[in-house]
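Participant: Sharing a structure with you now.
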Protein chains: 2
Amino acid sequence: MKTPMVYVNGRLYPEDQPHLSALDRGFTLGDGLFETMRAAGGRVFRWEDHLARLRRGAEVLAISLPGESALCDAVAAALEHRTGEPSLVRLTVTRGVDVGRGVAVRPGLTPTVVARAVPLVPPTTRGATAVVAPMRRNDTSPLSQVKAMGYGDSVLARRWAEQRGADEAVFLNTRGHVAGATTANIFAVVGDTLVTPPPESGALPGVTRRLVLDLARTAGIPVAERPLSLDDLASAREAFTTNIALGIRPLVSLDARPIGSGQPGEVTRLLSARLDDVWRRFVEGP
Amino acid sequence: MKTPMVYVNGRLYPEDQPHLSALDRGFTLGDGLFETMRAAGGRVFRWEDHLARLRRGAEVLAISLPGESALCDAVAAALEHRTGEPSLVRLTVTRGVDVGRGVAVRPGLTPTVVARAVPLVPPTTRGATAVVAPMRRNDTSPLSQVKAMGYGDSVLARRWAEQRGADEAVFLNTRGHVAGATTANIFAVVGDTLVTPPPESGALPGVTRRLVLDLARTAGIPVAERPLSLDDLASAREAFTTNIALGIRPLVSLDARPIGSGQPGEVTRLLSARLDDVWRRFVEGP
């Protein structure tokens with residue numbers, strides 16, 4: 001097994017040494033973006049989707065994103081020590097090192113690019129329990145729709161959930177609709193329709209979310225991207241979360257009351273199987 | 001002049017070399033706190049206030065803050081190269097380096113402590129113009145009341161303001177009341193009363209804010225910490241912002257309409273002079 005290395009701005013460093021400037025705006029202000037991606041065989045799963053989201057984020061933050069080949073090089077370098085095994089790779093791009101202080105954006109900063117890969121742990125199939133988070137997700141901010149670095153609310157909400165014996169926290173937005181979980185999108189089967197909140201609700205446009213919507217359509221399941229009320233979620237026939245690391249995870253209870261039967265539902269199991277197939281075919285290679 | 005150095009976990013590093021792990025949760029998640037403080041003669045202005053706010057923040061985030069003497073050592077080391085000159089020193093404490101990934105808080109992490117000092121630039125006395133920010137401040141989050149590292153919305157809002165030719169952006173909270181500026185508290189003279197929003201409005205409990213409230217009381221000016229509507233601010237007799245770097249800064253227009261006379265007001269000038277006195281006496285020493 002090779003030693004895990006971290007990629008920073010064109011160089012690989014051992015994990016246990018200093019990599020970054022303390023003057024990096026990613027550190028001082030959370031002024032940057034990231035993507036967490038699956039990879040296997042040296043290839044990144046749904047790379048185009050991740051790149052498109054990163055580009056949208058860079059537009060919102062007005063960060064001059066390095067070109068695709070530079071980003072691919074970063075990811076490839078970070079994956080090297082994984083020798084093709086299934087991995088999660090995080091690519092981070094910040095506005096860069098700023099010797100000045102304050103929030104004003106000075107022109108001419110060079111973005112910092114960081115990439116790091118870890119083993120992809122096979123996700124649990126156990127259903128997740130959730131509680132409603134005490135704080136709202138700020139759907140009034142464009143940052144709610146891009147993968148920006150400030151995850152403080154998610155850290156607090158997850159801890160809050162765990163203190164109550166739950167696996168996840170569900171964020172409502174400022175209008176009281178469901179926005180998502182701490183690091184995952186939320187889907188609910190309402191009547192016969194698979195519903196997931198739109199980005200305007202403060203839902204991050206997840207790469208797995210998009211893929212699952214496509215898989216559902218292909219399977220003939222009616223889908224809707226529309227505001228989801230807390231009542232809709234609580235009284236859903238079934239529900240699940242999606243993210244890149246865990247794929248589809250059944251959501252079996254909310255605030256200690258079962259969702260549907262309190263067991264992973266039929267739509268959840270069907271889509272999980274389809275998603276596993278897509279991933280398996282990717283791992284097996286082109 | 002000595003070379004500027006950055007303090008990180010017990011060591012001083014030149015500014016231009018790597019200081020931090022890319023696995024630090026302050027970087028990956030914005031999972032940490034900071035204070036920006038004035039200093040002169042090796043002493044920190046209103047240290048007790050900053051320490052108290054840092055401690056409250058550490059409680060909210062459940063970060064085990066190092067003891068006061070360790071924090072003082074960090075600040076003292078960062079100030080060394082300033083040889084007693086008036087400075088701004090930033091003290092950052094993150095949850096620490098996490099080889100795992102995700103938002104879950106693993107026990108046993110060692111907080112990262114960073115400190116850096118720069119010259120205190122004498123603030124401009126020119127009045128600031130402001131526009132109302134397009135996104136709301138998330139007063140539903142406990143993070144709105146502590147100085148957490150995620151400043152993405154402030155970066156966006158400041159840039160938005162500058163694109164419109166304004167110096168500052170005013171955040172409303174989710175209920176439509178004034179929360180503050182991008183990196184400053186807001187005061188308005190409404191009738192005969194000096195009004196500033198309470199922390200429950202999403203206002204950071206600023207150290208300069210507290211000092212200015214005390215100075216106003218001493219000067220016999222009626223003060224109120226209460227929700228401030230946008231109308232109250234727009235139709236105020238005068239208004240100003242406070243923060244540690246700029247002190248009191250007159251706020252002379254909002255969305256291109258003058259506040260009061262459109263010039264720094266009487267209360268603003270009186271309190272500015274008092275605040276300057278307090279700082280001058282501090283610089284002259286005990």
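Participant: Can you tell me which of A:GLY96, A:GLY10, A:GLY30, A:GLY67 is in contact with a Phe, Trp or Tyr (Cβ under 9 Å, 6 or more places away or on another chain) and modelled with pLDDT of 95 or more?
Facilitator: A:GLY30
Participant: Return the total of residues in the range A:101-117 being in contact with a Lys or Arg (Cβ under 6 Å, 6 or more places away or on another chain) and either under 22 Å from A:ASP167 (Cα atoms) or without any contact (Cβ under 8 Å) to a residue 12 or more places away in the chain (or both).
Facilitator: 1
Participant: Now a separate question. I'd like the residue in the range A:142-161 that is more than 7 Å from chain B (Cβ to nearest Cβ) and of a type in the set (A, V, I, L, M) and, out of all such residues, is surrounded by the most Cβ atoms within 10 Å (Cβ to Cβ).
Facilitator: To start, the set of residues in the range A:142-161 that are more than 7 Å from chain B (Cβ to nearest Cβ) comprises A:144-147, A:157, A:160-161.
If we keep only those that are of a type in the set (A, V, I, L, M) as well, we get A:146, A:157, A:161.
Values: A:VAL146: 20, A:ALA157: 26, A:ALA161: 23.
Within the range A:142-161, the match that is surrounded by the most Cβ atoms within 10 Å (Cβ to Cβ) is A:ALA157.
Participant: Within the range A:128-141, work out how many residues are of a type in the set (A, V, I, L, M) and at the interface with chain B (Cβ under 9 Å from one of its Cβ atoms).
Facilitator: 1
Participant: Could you count how many residues in the range B:181-192 are assigned to a strand (DSSP E or B) and not hydrophobic (A, V, I, L, M, F, W, C)?
Facilitator: Kept after step one, since they are assigned to a strand (DSSP E or B), are these residues of the range B:181-192: B:181, B:185-190.
Filter once more, keeping what is not hydrophobic (A, V, I, L, M, F, W, C): B:185.
The number of residues fulfilling the criteria is 1.
Participant: A follow-up question, please. With A:VAL178, A:VAL131, A:VAL195, A:VAL170 as the choices, which residue is in a strand (DSSP E or B), open to solvent by 10 Å² or more (accessible area, probe 1.4 Å), touching a residue at least 24 places away in the same chain (Cβ under 8 Å) and on the phi < 0 side of the Ramachandran plot? I'd like the intermediate steps shown before the answer.
Facilitator: Numbers: A:VAL178 fails: open to solvent by 10 Å² or more (accessible area, probe 1.4 Å); A:VAL195 fails: open to solvent by 10 Å² or more (accessible area, probe 1.4 Å); A:VAL170 fails: open to solvent by 10 Å² or more (accessible area, probe 1.4 Å).
Answer to the check: A:VAL131.
Participant: Would you check which residues across the range A:110-128 are closer than 30 Å to B:VAL118 by Cα and not in a loop (DSSP other than H, G, I, E, B) and list them?
Facilitator: Result: A:THR112, A:VAL113, A:VAL114.
Participant: Next question. What pairs can you find where one residue is in the range A:257-286 and over 21 Å from A:ALA239 (Cβ atoms), the other is open to solvent by 30 Å² or more (accessible area, probe 1.4 Å), and their Cβ atoms are less than 6 Å apart, with a gap of 6+ or different chains?
Facilitator: Listed by first residue and then by second, the contacts come to A:GLY285/A:GLY41.
Participant: Go through the range B:110-119 and report how many residues are away from every other protein chain (no Cβ under 11 Å) and either among the small types (Gly, Ala, Ser) or out of contact with any Gly (no Cβ under 9 Å at 6 or more places or on another chain) (or both).
Facilitator: Within the range B:110-119, residues that are away from every other protein chain (no Cβ under 11 Å) and either among the small types (Gly, Ala, Ser) or out of contact with any Gly (no Cβ under 9 Å at 6 or more places or on another chain) (or both) number 0.
Participant: Something else about it: Identify, from the list B:THR241, B:THR183, the residue that is open to solvent by 20 Å² or more (accessible area, probe 1.4 Å) and within 26 Å of B:ARG55 (Cβ to Cβ).
Facilitator: Working: B:THR241 fails: open to solvent by 20 Å² or more (accessible area, probe 1.4 Å).
On inspection, the qualifying residue turns out to be B:THR183.
Participant: Within the range A:205-216, count every residue that is open to solvent by 30 Å² or more (accessible area, probe 1.4 Å) and hydroxyl-bearing (Ser, Thr, Tyr).
Facilitator: 0
Participant: If I go through the range A:134-151 residue by residue, how many of them are in a loop (DSSP other than H, G, I, E, B) and of a type in the set (A, V, I, L, M)?
Facilitator: As a first pass, look at the range A:134-151 and keep what is in a loop (DSSP other than H, G, I, E, B): A:134-136, A:138-141, A:146-147, A:149-151.
Now narrow it down to the ones that are of a type in the set (A, V, I, L, M): A:135, A:146, A:149.
Qualifying residue count for the region: 3.
Participant: Taking only pairs six or more apart or across chains, which ones have beta-carbon atoms under 8 Å, a first residue in the range B:221-236 that is of a type in the set (Gly, Ala, Ser), and a second residue that is open to solvent by 50 Å² or more (accessible area, probe 1.4 Å)?
Facilitator: B:SER229/B:HIS177; B:ALA234/B:ASP255; B:ALA234/B:ARG257
Participant: Can I ask one more? Quick one: would you say B:ALA245 is of a type in the set (A, V, I, L, M) and without any contact (Cβ under 8 Å) to a residue 60 or more places away in the chain?
Facilitator: Here the answer is no, as B:ALA245 does not meet what is asked.
Participant: Scan the range B:15-57 for residues that are open to solvent by 20 Å² or more (accessible area, probe 1.4 Å) and either among the hydrophobic types (A, V, I, L, M, F, W, C) or more than 19 Å from A:GLY26 (Cα to Cα) (or both) and jot them down.
Facilitator: The answer is B:ARG38, B:GLY41, B:GLY42, B:ARG43, B:VAL44, B:ARG46, B:TRP47, B:GLU48, B:ASP49, B:ALA52, B:ARG55, B:ARG56.
Participant: Criterion first (more than 20 Å from B:LEU29 (Cα to Cα) and touching a helix residue (DSSP H, G or I) at 6+ places or on another chain (Cβ under 8 Å)) does A:LEU91 satisfy it?
Facilitator: no
Participant: Within the range B:88-115, can you find the residues that are open to solvent by 40 Å² or more (accessible area, probe 1.4 Å) and either under 17 Å from the mean Cα position of the chain (by Cα) or of a type in the set (Phe, Trp, Tyr) (or both)?
Facilitator: Answer for the range B:88-115, where residues must be open to solvent by 40 Å² or more (accessible area, probe 1.4 Å) and either under 17 Å from the mean Cα position of the chain (by Cα) or of a type in the set (Phe, Trp, Tyr) (or both): just B:ARG90.
Participant: In the range A:217-237, which residue that is out of contact with any strand residue (DSSP E or B) (no Cβ under 8 Å at 6 or more places or on another chain) and not polar (S, T, N, Q) is surrounded by the most Cβ atoms within 10 Å (Cβ to Cβ)?
Facilitator: A:ALA219
Participant: Could you please tell me which pairs satisfy a Cβ distance under 6 Å, a separation of 6+ or placement on different chains, a first residue in the range A:48-77 that is farther than 16 Å from A:ALA148 by Cα, and a second residue that is open to solvent by 50 Å² or more (accessible area, probe 1.4 Å) and of a type outside the set (Val, Ile, Thr)?
Facilitator: A:ALA77/A:LEU12
Participant: Going by what's in this entry, would B:PRO123 be described as surrounded by fewer than 23 Cβ atoms within 10 Å (Cβ to Cβ), more than 11 Å from chain A (Cβ to nearest Cβ), in contact (Cβ under 8 Å) with a residue 12 or more places away in the chain and within 17 Å of the chain's Cα centre (by Cα)?
Facilitator: yes
The values are calculated or read from the model by the stated rules, or taken from the named source; none is laboratory data. Keep in mind the model is a prediction, meaning the values are calculated, not measured. FYI the Cβ positions are ideal-geometry reconstructions off the backbone, even for glycines, and counts take in every protein chain you see. Heads up: the accessible areas ignore ligands, DNA and RNA and are worked out on the full protein's heavy atoms, side chains in. Shrake-Rupley method; radii C 1.70, N 1.55, O 1.52, S 1.80 Å.
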